[in-house]
Every structure is written in C-alpha cells, then in structure tokens.
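Worksheet: the structure to be examined is printed underneath.
Nothing in this text is a laboratory measurement; each read-out follows from the coordinates by a stated rule. These numbers come from a predicted model, not from an experiment. Please note: Cβ atoms are built from the backbone with ideal geometry, for glycine as well, and neighbour counts cover all protein chains shown.
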C-alpha cells in the first residue's frame, strides 16, 4: 500500500506530463501551419536597459522544433516514471528530492532553449547541469553511481569554462549579451578570433553532447541514473547541446572557414565509430545503450559537418539534405533511444541485474517489453521499416551530393571515405543490437533471476508502445513531420524557400516508398515461410540435454568485432587451459577478457596526473613564512608598476 501523499504526487506528475505532452503536440501543429512568417517574431521579458545584464527569451521556428522534442520526450519519460518509481516507494526511498530535481531539470532545459542572450544561456545551462547531476546521483548508496555522478559534474563544468570564456569574450567585443548583437558583430571579428570562439563553443557544447574525446562521462552517467533519467538525458538533453551548435555557431558566428565543417565531420565520424564499437562489446545493457547514444550523436555531428561544408561550398542542395537528415534523425533518435532505455529499465527491475550474461528467455516472460524493445531496435539500427532509415539515407545523399559537386582535389577523395565509414557504423549497429535483444530475450534463461522475471508495471509497458505508434506515424504521415522540420530550416535559411521542395512538397512519395519496401519485405517473409512445411521438434544435442551454458554468450557473440578492432578497443584476453597431465583431454578452461578505456588511459589520466603535479609544485609556495609572503607582495607590486608604465 502506498501513502496518500505519494499517490497524490504521482498523480500530479501524470497530470503535468500529459498536459505538457498535449502542449507540445498543439505547439508543433499550430506552429507548423503558421509556416514561414511566424519565425520572424519574438517574445522578450525582463530586460533591464543600461544594466548590461538581462534575462531575455525568444521563440522562433528553431526553438519550437526542439521544444517539441523536449515536451514529447519529457512527457513519455514522466509517464514511464510513474510505474518505475513505485519500486523506490516500496523500498521507502524518499522521492521528493527526485521530483524537485526532475522538474527543475525540465525547467532549466526549457530555459536553455528559449534563451536569447549569453547571460540567460549560461544561467539556465548551469542549472541544467546541476539538476541533472542530482538525478544521476539519486541512487547514491552505490559507490559506482557516486563516481559516475562526479565524473559527469567535472566534465560538464570543464565544458562550462570554455562556454563562459566565449560568452564573456563576445560580450567584451560587442558590449552586449544579446545573440542578435553578437551575430551583427561577428563579421567584424578577425579570422583568428572567430576560430578561437568556434573552438571554445565546440569543446564546451561537444562535452555535453558526448562527442569523442569529451564523451567519457556519458557511459557512466547514463548507465548509473534511474532509467527515466537515462531516457530523458539521452533522448533530449544531448539534443539541447546540438541545438546550441546551430544557435551559437551557425546563426551567430556565421559560415566560417571550411575547416569547421571538416572538424564536425571528422569528430562526428570518430564518435559514431568509437561509440558503436564500444557498445558492441559491452555486457551492461544500459552502458551499451549509452555508447550507442555516442554513436548517434556522432551521426548528427556528421550531418552538421556535411551542412557546414555545403554552406562553405555554396551547395544549397547538399546543405538542405544534410539539415533535413539532422532534424529528422534528432526526432527519431529521441523516440527510439527513449524506448530502449525504458525497455532496459523494465529488464533491470524484473531481474535486478544489468549483466547480459545473466539474462535470456525474457521474451516468454516479458513479451510486451520485448515487443517495445524490438520496435526500438528496428528504428535505431536504421532498418527500412521505420524512420531511422530515412535520416541516415538523407545523410548518405548529402555526402554524395557534396562529393559529386567537387571538380577535383583531396576533398573528392576523402568524402567518400566518410560514406563508407557511415555504412560500417550501420553494420556494426545491427550486430550490436542483435546481441542486445538476442542475449536478453531469446534462448534459455541463464540465471534464476531471469527465470523468475515478470512483466513490468502496465504504465512501463504502454509508454514505449505509444512511442512506437508515434514513430510509425512520423513515417506514414511524412507531410506533418517534414512540415515540423521545415520550421527550423526556415530560420537557418533566413526565410528562403527550401531547395528540397521535391521532398517537402511531395511527401506522399515518401509514404509510397515506405509502403512498397514494407510490402516487399513482408511478401518475402511470407514466401520463404511457406516454402516448406514447418516442423517443431526439440533441439537435438547428441543425446545430451540442452543447458543455458550451450548458448552464445554476450561476449562470444561479438568476439569477431573484439578481435578485428583489438587495437582500437584496447582488447586484452587471457585463456588458461587445464589438461590434467594429458595434452589430448581438456579438463577445464578459464577465459578472462578486458576492454580498456583507451581515451581515459591515453589522455585523461596523464592529464590528471600532470595537473596534480602542478598543484603540488604550487603548494610549495605556501611555506607559512610571513617574510616569504611579503616578498611575493613586493614582487607583484614591482611587476604591476612596470606594466602600468
């Protein structure tokens, strides 16, 4: 039995989540029909003239698109949390701190999206980082969760240092915190100033987005946080950082040199490859999804890179394709990754383990969770049945159009390599999620907890299925989806008519292609299934009974990837064989495998050791001697007087 107070709080949470979902749908629908004229208007509040500091807010088509992402993402995550949090209530764990942090986290993300000046942006950005830290730290009883939360806090504040430096520099150059003033002042800056600002924004925002090599916090935080929080952070929060790349770099700093596009493309490709490689070898079901988020952030980074390159090369067609791919994939990834984190949360609550090696056979015990997870996997692996396919297809086309428009040079050779790398990432993604679903849901249960698993709370099952319906609708009704995407595109093109009119103007063609592909696949399955009569018999194992140990393990299923990319993954294994005195009869075998955190070992740990050494040397200056301190003051005064001359 739950207390009356806890029930009322959960009812309030449900009401707010449903209300915000309705607001999001209404906002997207209304603003979609308002079209190209609306994006020029703005709303400003609390502006203190002459003070130099103000809080200003603005709503345009770009903000509206990401607000729809936020409103839908949070509503589904909040709805899912209603069932998920009941386990904490049963354990008598206080939920008030969770609710407070949850709603303040949502409010801070609203603030970041609506901010129209640097001061408001930094204030709400810091609030977003702080309250998400509290949510990651919610299960603080676990030492590993505390470690994950503090790694996240440190990394996000490292990024904030760079963002603060960029904001203050732009304020010093323009005399204002307003984004609009910055955009007018950007053409007067030297190329060196623009490049330094771009690097500061890239590091600051790339850290929050999860670009490699700033990604190390993401697998820790996303896997340690409660599943509703993981769903919200992966599905929405990282998109807020990508939104700011458009707001602060594309719209504020302007086109910039061509190497900006190459950096986005290279780091995006590296993030996509590293993310999916590390995901493929994980045995933790949530950490696997967290690394997959890095992969998809990398794909979005590649789309931005292709758009920046096309903008520099004045290739409107390739730019529009890349931007369409970016916004389409942003929406689809929010839906599919949120669904998968919800499925992982259901598995964890049913089995109390995140280890794939202890799962198996869950499809018989949790069929509704399995269905939601399967639909999410179809989308996240970009199979043609759902929308993940179309986003990556548009990115392929953008890269190809960029390549075909070049007459010669090294760019014409390098760009096709990114096309091939994107195809490799797609193949590895399929292998990774075949492992995630197959090891979890198929075969026999590998442990007692998997045998006793039961279906999750109805709300936790219904929520992913509702998201599945929305994902299907976004493809079957592309006119609505593309019209919503048209809002930010109009802002980025300053109200110009899109060069992809054949796509926006004829969405029925997309529906036809989708239905044709789906019908063809369905027909193929039916024909193949009827070629021979099915005969269901027990699996024969040379007369021995089948045991769970005879199945593929999570480690074994992706062992070829581990071997092929051993240098990249830092893979190490040790095999001990015991023949008991005879070279022909193997008595026992022990296998130990390890995947090293390459970026932590190569970059972060040496950097931390260096900083600690410097701190130790500086500490020596504090000898406790008053005469030494007076000497420091005298030297400082002499230096100041010399510089003052």
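Could you compute the FRET efficiency for residue 629 and residue 258, with r as their C-beta to C-beta distance and R0 at 56 Å, rounded to 0.05? Kindly include the intermediate steps, with their values, before the conclusion.
Numbers: r = 52 Å, r/R0 = 0.94.
Taking R0 as 56 Å, the efficiency between residue 629 and residue 258 is 0.60.
Between residue 603 and residue 424, what is 0.36 nm times their sequence separation minus the Cα-Cα distance? Round to one decimal in nm.
61.8 nm
For segment 192-315, what is the convex hull (Cα atoms) projected area averaged across all directions, in square nanometres?
The directionally averaged projection comes out at 7.1 nm².
Taking the radius of gyration and the Kirkwood hydrodynamic radius from Cα positions alone, what is the Rg/Rh ratio for segment 362-432, to two decimal places?
For segment 362-432, the value is 1.20.
Going by how many other Cβ atoms sit within 10 Å of their own, how do 152, 632, 169 line up, fewest first?
632, 169, 152
Need the full-extension length gain, residue 526 to residue 412, defined as separation in residues times 0.36 nm minus the C-alpha distance. One decimal, nm.
Taking residue 526 through residue 412 to full extension adds about 36.7 nm, to one decimal.
Which value, in Å to one decimal place, does the Kirkwood hydrodynamic radius take for segment 603-644 when every pair of different Cα atoms is included?
In segment 603-644 this quantity evaluates to 12.5 Å.
Give the calculated FRET efficiency between residue 357 and residue 454 to the nearest 0.05, with a Förster radius of 30 Å applied to their Cβ-Cβ distance.
Once rounded, the FRET efficiency stands at 0.90.
Go through 349-356, 231-238, 611-618 and give me the packing order, highest mean Cβ count within 10 Å leading.
231-238, 349-356, 611-618
Rounded to two decimal places and with Rh computed the Kirkwood way over Cα pairs, what is Rg over Rh for segment 375-472?
Details: Rg = 19.5 Å, Rh = 16.6 Å.
My calculation puts Rg/Rh at 1.17.
Could you give the distance between the Cα centres of segment 68-128 and segment 344-402, to the whole Å?
24
Order of 562, 605 from fewest to most other C-beta atoms within 10 Å?
Details: 562 19, 605 12.
Ranked by crowding around the Cβ, least crowded first: 605, 562.
Rounded to the nearest 0.05, what FRET efficiency do residue 169 and residue 550 give with R0 = 60 Å and r taken as the Cβ-Cβ distance? Could you check? Could the numbers behind the result be given before it?
Values: r = 63 Å, r/R0 = 1.05.
Plugging the Cβ-Cβ distance into 1/(1 + (r/R0)^6) gives 0.45.
Mind ranking 190-203, 410-423 by how tightly packed they are, going by the mean number of other C-beta atoms within 10 angstrom, highest first?
In descending order of packing, they fall as 190-203, 410-423.
List the residues of segment 122-155 whose backbone N lies under 11 Å from a point placed 7 Å from the Cα of residue 613 along the Cα-to-Cβ direction.
So the set is empty, nothing qualifies.
Under 16 Å from a point placed 7 Å out from the Cα of residue 140 along the Cα-to-Cβ direction: which residues of segment 67-96 have their backbone N that close?
93-96
I need 124, 63, 403 ordered by Cβ neighbour count within 10 Å, fewest first.
Ascending Cβ contact count within 10 Å gives the list 403, 124, 63.
Between segment 612-634 and segment 324-339, what is the C-alpha centre distance in whole Å?
So the two Cα centres are separated by 54 Å.
Please list 376-382, 89-95 highest first by mean number of surrounding beta-carbon atoms within 10 Å per residue.
The peptides rank, most packed first, as 376-382, 89-95.
On alpha carbon coordinates alone, what is the Rg over Rh value for segment 246-385, Rh being the Kirkwood radius?
1.09
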